[in-house]
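> Can you keep this structure in mind? I'll have questions shortly.
The values are calculated or read from the model by the stated rules, or taken from the named source; none is laboratory data. None of the values given here were measured: they were computed from a predicted structure. Heads up, the Cβs are rebuilt from the backbone with ideal geometry, glycines too, and the neighbour counts pull from every protein chain shown.
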Amino acid sequence: MYGTLLQVDFQVSIFLFLVWLATTVATRLLTTRSTQRRMRRWARISLVLAAVGLLLTAARWVFTAVLASSFGWQIIADRKLLTVVLATVPAIVVALFTVPRLLRMARTAAPDSAPSAEARAAATSLWTLVPVRVALVGTALGLFEVFLPPARLGPVFLLTVSVLLVLAVTLLWWAHRRRAAGVPRAPRGRRIAVRAAVTAVVLAAGAAVFVTSMRASAFPDTYNMMQGVTEFGGGSTFPQTHEGGISVETLTGPRDRQPDRSFTLTAQAAKVPLTSGATVEAWTFNGQVPGPELRVREGELVEIKLVNNIPSVPVTIHWHGVDVPNAEDGVPGMTQNAVRTGQTHTYRFVADEVGTRWYHSHQLASEQVGRGLFGALVIEPRTVQRPVDEDIAVPFHIWDASSGARRAFGAADALERRQMEAGRRVRLRLINTSNKPATFTLTGTPYRVTALDGTDVNGPTEVNGYQLPLSAAGRYDLEFVMPSRPVRLAELGDVSHGLLLQPDGAGDVAPDTEGPVFDPTAYGSASDTPFNASSSFDRTFNLVLDDWLGFYNGKFALRQTVNGRVFPNAPVHMVREGDLVKMRFVNRGTENHPMHLHGHHMLVLSRNGQPVTGSPMVMDTLNVAPGEAWEVGFRADNPGLWMDHCHDFVHTQLGMVLHLAYEGVSTPYMLGEHAHNHPE
Ligand code: C2O
Ligand code: CU
C-alpha cells in the first residue's frame, strides 16, 4: 500500500511535468496562429491541458494527504511537501490568471480573418505564457525528489530553492518582455555563438559540480567513528569525549580467571560445496560454512580465539544478540582493530543472554558475512525449562555460488531429509543470516514460536500453517512434538530447498504457502516489563530512514539515510549510563531496514502507533518496513560506543550506520583505508 502510493504519486509527477510541457507548447503556438479560428482552437487545447494540469496537481495533494494521514506526518515532512508546494504555487497562478484569459480566447467568435490586435495581445500576454512555464519548472523538481536531501530542509536549503525559483521566474519574465517589446533579434551567427557559449558554460558548471561532489563524497583516509552530529534526544547535554575518559579498550570481559569454555575460530579461504553440488568461493571459520555451531551454558565465561589465515583480508567477530562488554563487540575501528592476516584476537564474555544468537565478521560485512564468516551461537539456560530431544540450529543464507544465488539452510541448498522418530520433542532455531527479510513455513504439525531473537515468548500458543516473516539477522525458535507424518520446513523464496523430517525415513508433504501471516506483536500473552510506553524516558531519539540519490564514497549510489545523513556523518546518540531511552524508527524510503542496536536489547513499545498486545517483544534487530513506524525502549546499562545500523549490509555500505555513545567513553581506534578498519 505504502509503496504503491509512493509509486503512483511519482507517476503523477511525471505526467504532470509532461502536461505542463504540452501546455507550454500549446500556449506558444497560440501566439503565432494566422487566423482567429486557429487561435481559438489552440486556446481550447491549452485550456484542456491546463485543466488536466490543475487536476493532477490536486491529485498530488490527495496522495500527500493520504500518505500523511495513514503513515504519519514524518512521511511527507520536508522534501515531499516541498515538491508538492513548488508544483502548487505556480498552478494557482495558472488557475487565477492564465485560465480566465484562455477562456476568453476560447469563446471569441471565429471569423477566418487575421487575429485582432486585442486577441494577439491576450495571447502574447505575460499572464498567458509565463505562469505555465513556471509550473513546468516547479514540477520538474518533483521528478528530482530523490536527489533532494531528505529530512534536512534547513533555512539554507530553502533559501537556495527559493532563489533558484525566483531566478527562473525572472529569466522567463525577462525573455517574455524582450520578445513582447519586439526587441530586434541579433544576427543569426551571433545568436548561435551566444547559445553555444551559454551551453558550454552550463555544461562546464554541471561537470564541475559533478566532479567536486563526487570527490567530496570520498571518505578520508583515516577518520573517527564518532565524527557524526551529536544528538541528546531532549535529555541533558554534555561534551563529547574524543580522547581520554574511559577508553573502550578497558571495557573488556573478565580477564582475571580461567574461561569455562574455549573455542578457536580460524578464518580461512576455502572452496566449499553446497549440497546441490554448486560451489562457493567461501571465507570460512575452521574450513566450514556456516562456521561451527557454538553451544555454551548460561553464566559460563566463554573465550574465543580468532585466528586469521585469509590472505590480505582483515576480519573480526561480532556476537550478534549478546550484550557483551564493549571491547568484545568486534566492531573494527571502534572497539578493536580488524585482525590482519596471521594475527589473532581473543574475545571473552560471560554468556548471559540465553537463547539463539549468532556470530559474524563485522569487517566489510556485506562481503565477509555473504561469503560465510558467520555461525550459530546457542546459549543454553542453566536450568532447562522446556527440554527437547532434538535442538537444531537452521541458519538461512543466500550464497553467491558457482550456479548463481542459492538459497539454503546452512550449506543445504537442496532439500535435506532427516529421519526423526515420532514423539520426539524438536526445537528449530531459525536464523536469518541473509540481508533481506525471509518468510518461512513449517508444514505437517502444529507448533509454538517459543522465542523471538532468542528471548522467550511469554505464553506461546500453538499455531499451524502460519507464514513466518523473519527480519534479516532475526531469529525464531519453533518447538513441536514430531508427529507420525512428515514435517517440512520451507523458505518461501524457493520452496525446493528446506528441511524434511520423516518419522519412518520416507514420505513428504507439500509446503503450505497460503497460511495467515504471523504477527509477533499479537502473539503470546502480555506480562510485566521493567518499563513500558507510559514510562518517562530520559531521551527520545527520532530516526527517519530514507534514501537519497547521489554520490557516496566516490560512487553514484542510492544512499540510505538516517535523518537525512549518511555514515560517517550520521547522528551519534549521546546517553548517560542509567538513562531510559526511547527510539522511534520511521521508514519513508522504499526498502526494508532491519535496524540492529549493538550491546542492548530493545523492548518494542508500539508499531504504527499500536501497542504490542501479545508477549513483550525484546529484540536486537527490528525490521522497519517501508511506511512503518516503530517505537522501542531500552535501558542504557552497558557503557561504551555501540554501533546502531541497518543489518542489510548493502545498506550499511550505503550509509545507514549510526552510533550510541555513552558519556565519557572514547575510542583510540580509527577508521578508513589506512587503518584497515571497515565496520560497514
Ligand atoms: Cu549482526 Cu552490527 O551486526
Ligand atoms: Cu536498510
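> Considering only residues that are within 17 Å of G333 (Cβ to Cβ) and touching a Lys or Arg at 6+ places or on another chain (Cβ under 9 Å), look in the range 645-659 and name the one that is farthest from ligand 2 (Cβ to nearest atom).
Our first condition is that a residue be within 17 Å of G333 (Cβ to Cβ); within the range 645-659, this holds for 645, 649, 652-653, 655-659.
Add one more test, that the residue is touching a Lys or Arg at 6+ places or on another chain (Cβ under 9 Å), and what stays is 655-656, 658.
Numbers: G655: 10, M656: 5, L658: 12 Å.
So the residue we want is L658.
> Would you confirm, using the coordinates I've provided, whether L671 is within 14 Å of ligand 2 (Cβ to nearest atom), crowded, with 24+ Cβ neighbours inside 10 Å and touching a residue at least 24 places away in the same chain (Cβ under 8 Å)? So that I can check it myself, show each step before the final result.
Working: within 14 Å of ligand 2 (Cβ to nearest atom): no; crowded, with 24+ Cβ neighbours inside 10 Å: yes; touching a residue at least 24 places away in the same chain (Cβ under 8 Å): yes.
Against the criterion (within 14 Å of ligand 2 (Cβ to nearest atom), crowded, with 24+ Cβ neighbours inside 10 Å and touching a residue at least 24 places away in the same chain (Cβ under 8 Å)), L671 does not qualify.
> Still on this structure, I have one more. If you take the residues in the range 537-560 that are in contact with a Leu (Cβ under 7 Å, 6 or more places away or on another chain) and either within 15 Å of M595 (Cα to Cα) or not small (G, A, S) (or both), which one is nearest to ligand 1 (Cβ to nearest atom)?
Of the residues in the range 537-560, the ones in contact with a Leu (Cβ under 7 Å, 6 or more places away or on another chain) are 537-538, 547, 549, 552, 557-560.
Filter again for either within 15 Å of M595 (Cα to Cα) or not small (G, A, S) (or both), leaving 537-538, 547, 549, 552, 558-560.
Working: F537: 24, D538: 24, D547: 20, L549: 25, Y552: 19, L558: 21, R559: 19, Q560: 15 Å.
Filtering first and then ranking leaves Q560.
> Scan the range 476-491 and give yes if some residue there is crowded, with 22+ Cβ neighbours inside 10 Å and in a loop (DSSP other than H, G, I, E, B), otherwise no.
No, the conditions are met nowhere in the range 476-491.
> For the range 648-680, give me each residue that is within 25 Å of the chain's Cα centre (by Cα), of a type in the set (G, A, S) and over 24 Å from L470 (Cα atoms).
A661, G672
> If you don't mind, another one. Which of the following residues is part of a loop (DSSP other than H, G, I, E, B), among the charged types (D, E, K, R), in contact (Cβ under 8 Å) with a residue 24 or more places away in the chain and over 27 Å from V612 (Cα atoms): D494, D508?
Details: D508 fails: in contact (Cβ under 8 Å) with a residue 24 or more places away in the chain.
After ruling out the rest, the residue left standing is D494.
> Further, regarding this structure: How many residues are surrounded by fewer than 23 Cβ atoms within 10 Å (Cβ to Cβ) and either at pLDDT below 95 or closer than 16 Å to G253 by Cβ (or both) when one looks only at the range 350-363?
The total comes to 3.
> To continue, here is another question. Which of the residues belonging to the range 224-270 are in contact with a Pro (Cβ under 9 Å, 6 or more places away or on another chain), surrounded by 14 or more Cβ atoms within 10 Å (Cβ to Cβ) and among the charged types (D, E, K, R)?
E231, E249
> Would you please list the contacts, defined by Cβ atoms under 6 Å and residues six or more apart or on different chains, that run from a residue in the range 580-608 that is closer than 19 Å to P437 by Cα and among the charged types (D, E, K, R) to a residue that is part of a strand (DSSP E or B) and within 16 Å of ligand 2 (Cβ to nearest atom)?
Matching pairs, first to second residue: R588/D546; R607/W630.
> Residue by residue through the range 586-633, note down the ones that are in a loop (DSSP other than H, G, I, E, B), within 16 Å of ligand 1 (Cβ to nearest atom) and either aliphatic (A, V, I, L, M) or touching a Phe, Trp or Tyr at 6+ places or on another chain (Cβ under 7 Å) (or both). Spell out how you get there, then give the answer.
Step one: filter the range 586-633 for residues in a loop (DSSP other than H, G, I, E, B), giving 588-592, 598-601, 608-609, 612-617, 620, 625-628.
If we keep only those that are within 16 Å of ligand 1 (Cβ to nearest atom) too, we end up with 592, 598-601, 620.
Selection gives H598, G599, H600, H601.
> Consider W548 against the criteria (1) out of contact with any Lys or Arg (no Cβ under 7 Å at 6 or more places or on another chain); (2) aromatic (F, W, Y); (3) assigned by TED's automatic domain parsing to the domain that holds G234: it satisfies all of them except one. Which criterion is unmet?
If we test W548 against (1) out of contact with any Lys or Arg (no Cβ under 7 Å at 6 or more places or on another chain); (2) aromatic (F, W, Y); (3) assigned by TED's automatic domain parsing to the domain that holds G234, just (1) comes out false.
> Any idea how many residues of the range 117-147 are outside any helix (DSSP H, G or I) and under 35 Å from the mean Cα position of the chain (by Cα)?
Total meeting the criteria: 1.
> Select from the range 313-325 the residues that are part of a loop (DSSP other than H, G, I, E, B) and more than 16 Å from H600 (Cα to Cα) and list them in ascending order. Don't jump to the end; show me each part of the working.
Taking the range 313-325 and keeping what is part of a loop (DSSP other than H, G, I, E, B), we get 313-314, 316-317, 321-325.
Listed by number, the residues that qualify are V313, P314, T316, I317.
> Right, here's the next one. Of the conditions (1) more than 13 Å from ligand 1 (Cβ to nearest atom); (2) more than 27 Å from I246 (Cα to Cα); (3) among the aliphatic types (A, V, I, L, M), A636 satisfies every one except a single condition; which number is it?
Of the numbered conditions (1) more than 13 Å from ligand 1 (Cβ to nearest atom); (2) more than 27 Å from I246 (Cα to Cα); (3) among the aliphatic types (A, V, I, L, M), the odd one out for A636 is (2).
> What are the pairs, 6+ residues apart or on separate chains, where a residue within the range 77-94 that is assigned by TED's automatic domain parsing to the domain that holds W127 has its Cβ under 6 Å from a residue that is of a type outside the set (A, V, I, L, M) and outside any helix (DSSP H, G or I)?
Filtered contacts from the range 77-94: R79/P150.
> Taking A140 as meeting all but one of (1) out of contact with any Leu (no Cβ under 8 Å at 6 or more places or on another chain); (2) more than 22 Å from D547 (Cα to Cα); (3) in contact (Cβ under 8 Å) with a residue 24 or more places away in the chain; (4) not β-branched (V, I, T), write down the number of the exception.
So the condition that A140 fails would be (2).
> Looking only at residues that are outside any loop (DSSP other than H, G, I, E, B) and away from ligand 2 (no atom under 16 Å from the Cβ) in the range 573-585, which one is farthest from G640 (Cα to Cα)? Walk me through how you get there before you give the answer.
Initial filter on the range 573-585 (outside any loop (DSSP other than H, G, I, E, B)): 573-575, 580-585.
Add one more test, that the residue is away from ligand 2 (no atom under 16 Å from the Cβ), and what stays is 573-575, 580-582, 584.
Details: H573: 12, M574: 11, V575: 10, L580: 16, V581: 15, K582: 18, R584: 21 Å.
Only one residue tops the list, namely R584.
> Okay, moving on. Can you name the residue in the range 41-88 that is of a type in the set (F, W, Y) and closer than 25 Å to P131 by Cβ and, of all such residues, is surrounded by the fewest Cβ atoms within 10 Å (Cβ to Cβ)? Quick ask: steps written out before the conclusion?
Of the range 41-88, the ones of a type in the set (F, W, Y) are 42, 61, 63, 71, 73.
Narrowing the set further to residues that are closer than 25 Å to P131 by Cβ leaves 42, 61, 63.
Values: W42: 22, W61: 13, F63: 19.
Here the answer is W61.
> A further question follows. Can you name every residue in the range 641-651 that is farther than 23 Å from V575 by Cα and within 9 Å of ligand 1 (Cβ to nearest atom)? Break it down stepwise before answering.
If we filter the range 641-651 for residues that are farther than 23 Å from V575 by Cα, which is where we start, we get 648-651.
Listed by number, the list holds a single entry, F649.
> I want to confirm something. Restricting to the range 629-644 and keeping residues that are touching a residue at least 60 places away in the same chain (Cβ under 8 Å) and more than 22 Å from T237 (Cα to Cα), which single residue is nearest to ligand 2 (Cβ to nearest atom)? Let's see the steps before the verdict.
Of the residues in the range 629-644, the ones touching a residue at least 60 places away in the same chain (Cβ under 8 Å) are 629, 631, 633, 635-644.
Still in the list and also more than 22 Å from T237 (Cα to Cα): 629, 631.
Working: A629: 15, E631: 18 Å.
The residue in question is A629.
> Among the residues of the range 365-380 satisfying the criterion of being farther than 29 Å from G299 by Cβ and not charged (D, E, K, R), which is nearest to ligand 1 (Cβ to nearest atom)? Quick ask: steps written out before the conclusion?
The initial filter retains those residues of the range 365-380 that are farther than 29 Å from G299 by Cβ, namely 365-368, 370-372.
When the remaining residues are screened for being not charged (D, E, K, R), the result is 365-366, 368, 370, 372.
Details: A365: 7, S366: 12, Q368: 12, G370: 13, G372: 15 Å.
Within the range 365-380, the match that is nearest to ligand 1 (Cβ to nearest atom) is A365.
> Restricting attention to the range 326-357, which residues are more than 16 Å from ligand 1 (Cβ to nearest atom) and assigned to a loop (DSSP other than H, G, I, E, B)? Steps first, please.
As a first pass, look at the range 326-357 and keep what is more than 16 Å from ligand 1 (Cβ to nearest atom): 337, 339-346, 348, 350-352, 354.
Hits for the range 326-357 are N337, R340, T341, G342, Q343, A351, D352, V354.
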